[in-house]
Each structure stands twice: as structure tokens, then as C-alpha cells.
Amino acid sequence: MSYLYTLQIGMQTTFYKYQGTGNDFILIDNRSGSFPKENHALISQWCHRRFGIGADGLILLEDDAQTDFKMVYFNADGHEGSMCGNGGRCIVAFAAHLDLIDGNTTFNAVDGLHKAIISDGSVELNMKDVATVKPKEKAIFLDTGSPHHVQLVEGLEDMDVPREGARLRYGLYGKAGSNINFVSQLGPNRFQVRTYERGVEDETLSCGTGVTAVALAMDHLGYSSASELEIKTAGGPLTVKFERSGAGYSNIHLSGPAQQIFKGIISW
């Protein structure tokens, strides 16, 4: 942690903290382009829950020539990450707070264009299409903007998710890794998930791309015949709607709350 004592001192940045079903993020308005995106140590420090603000990731809102704004997402380890579903819902709420949008929006992210609707604190986010679903031993693998391993288990509440998640994340998927989702069925159209997120390298209270992956995987495996599923996370429920499209899925929507927690100024 020596980098904590070598960062530049004398700068100040206004930040906002948002959460979507317990998945929390630092949001920064970077339309000026002044944020030092290459400073991975700084981003990691700010996400640290003892030495910084504390978050699962940091998100920059930037100008975009084709859409309302651009989303740039960094994992808690300080490096730019793949798509984050709950982060996408939170940046839509942030854009509304900044009066950049009103109700409907289209924005750019690392995996392409996304549309969203915000109403009464809830954000419905259109996720990327999923062309293929790959069976693995006792599991399903698919990419919903981020790579996800989905595995049905017994005794979900008692699982050591950080240990088992890390074992699969590195053991099955190598250095690049995958997010790992452990699932149990609660009812015909309801499932519970606990997710180990790469980049955070720990269990998080919720993962939007993971919840989306769970819904599609449960449909693919035949555990539900509905086109709208409720997925329970430790941070609260999310809803996923989708349509089958050949061997994959399209018109996928992730819905749930996104809330501003606080606003602050950090010196560095």
C-alpha cells in the first residue's frame, strides 16, 4: 500500500456516491476531461474502503458526440473494466441529477450503445444482445457485457463465496478471469444469486451483468419459462426481461433502483 503516501497532494475533485441494490460507485462528471484516468493507484485508493471513499468501482461521465454521454468504468483495482450493469443504471440516475437527460436516454459504454428509462428512482437499462450461451461442466458461461460463469448450487446461504469464487475465477478462466455467480431457485420465476466479481476480487452485494446472466442461464437451462424473472441479490431484487433470439437473447432489460447516497469533495 506504499502508493497511498506518494500520490500528488493539492488537487480537489467533487464526487458523488451512488448505489444500485448495494453495488456502490464513485461518480465523477468528467466532461472537462481533466480527471487523470491513467492514475490507476489513485482510482484504487479512492475505491478502498479503509483508505479512500470506498466503492465497488469508479465511473466517469464524459461527453459523447453521438449520444447523451459516455460511461467510462473502472474496477476497484483501478483499471478500466468491462460493462457494469448496476453502474450503467447509476450513471443514468447521475445524468438525470445533472439535468443532462429527462426520462429517456441513449449513452455509449465500453460494449457499445445503451438505452435507458428513468422513473421514480428506478432505472430500466437495455443490455447488449447475447449471441451465444456456452455450457460448461455443471455451469453456463455467457457474456452480458462482462463475462459470467453461472452455476446452480445447494446451500447458497452458507457458501464461502469469496473462496469458491476466486478458485473458479482463476482456476477455470485463467488470468483474464470471469465473474462467478452461484444461484439457487426460489420459485418458478424467482432466483437468488451471490456473485464474486473480478476486479473487485470479492463478493459484492449485487452485480447487474451477473443478474442478467443468471436470468438468461436459467431460461437456457429450462428452470423457468417466463420472459421476465426476478433475481434476489444481497442488496435487493432486480428484474430482467428478455426475448429469445435463435441460440441467444435480445431485447434484454435490467431494472431496479439507483440512488445517490452523498456528494463530497476529496483532496489528493
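Computed quantities for the displayed model
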{"item": "One residue from G85, G78 being buried (at least 18 other Cβ atoms within 10 Å of the Cβ), farther than 20 Å from I266 by Cβ and among the small types (G, A, S)", "result": "G85"}
{"item": "Odd one out for A139 among (1) surrounded by 23 or more Cβ atoms within 10 Å (Cβ to Cβ); (2) within 20 Å of L221 (Cα to Cα)", "result": "(1)"}
{"item": "Subset of the range 189-225 that is touching a helix residue (DSSP H, G or I) at 6+ places or on another chain (Cβ under 8 Å) and among the hydrophobic types (A, V, I, L, M, F, W, C) - its residue that is surrounded by the fewest Cβ atoms within 10 Å (Cβ to Cβ)", "result": "V193"}
{"item": "Any pair with Cβ under 7 angstrom, 6 or more apart, that starts in the range 204-220 at a residue that is under 13 Å from G87 (Cβ atoms) and ends at one that is acidic (D, E) and at pLDDT 95 or above", "result": "T204/D56; T204/E197; C207/E197"}
{"item": "Strands (runs of 3 or more DSSP E) completely within the range 57-148 that count 2 or more residues being in contact (Cβ under 8 Å) with a residue 12 or more places away in the chain, assigned by TED's automatic domain parsing to the domain that holds S178 and over 19 Å from G22 (Cα atoms)", "result": "139-143"}
{"item": "M159, sole failed condition from (1) in contact with a Lys or Arg (Cβ under 7 Å, 6 or more places away or on another chain); (2) crowded, with 18+ Cβ neighbours inside 10 Å; (3) at pLDDT 95 or above", "result": "(2)"}
{"item": "Extreme residue, nearest to the chain's Cα centre (by Cα), among residues of the range 9-48 that are surrounded by fewer than 18 Cβ atoms within 10 Å (Cβ to Cβ) and among the β-branched types (V, I, T)", "result": "T14"}
{"item": "Selected residue (criterion: nearest to K232 (Cα to Cα)) from residues of the range 170-188 that are crowded, with 18+ Cβ neighbours inside 10 Å and modelled with pLDDT of 95 or more", "result": "V183"}
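The values are calculated or read from the model by the stated rules, or taken from the named source; none is laboratory data. Just so it is clear, the structure is predicted and the values come from calculations on it, not from any experiment. For neighbour counting, all protein chains shown are included, and Cβ atoms are generated from backbone atoms with ideal geometry for every residue, glycine included.
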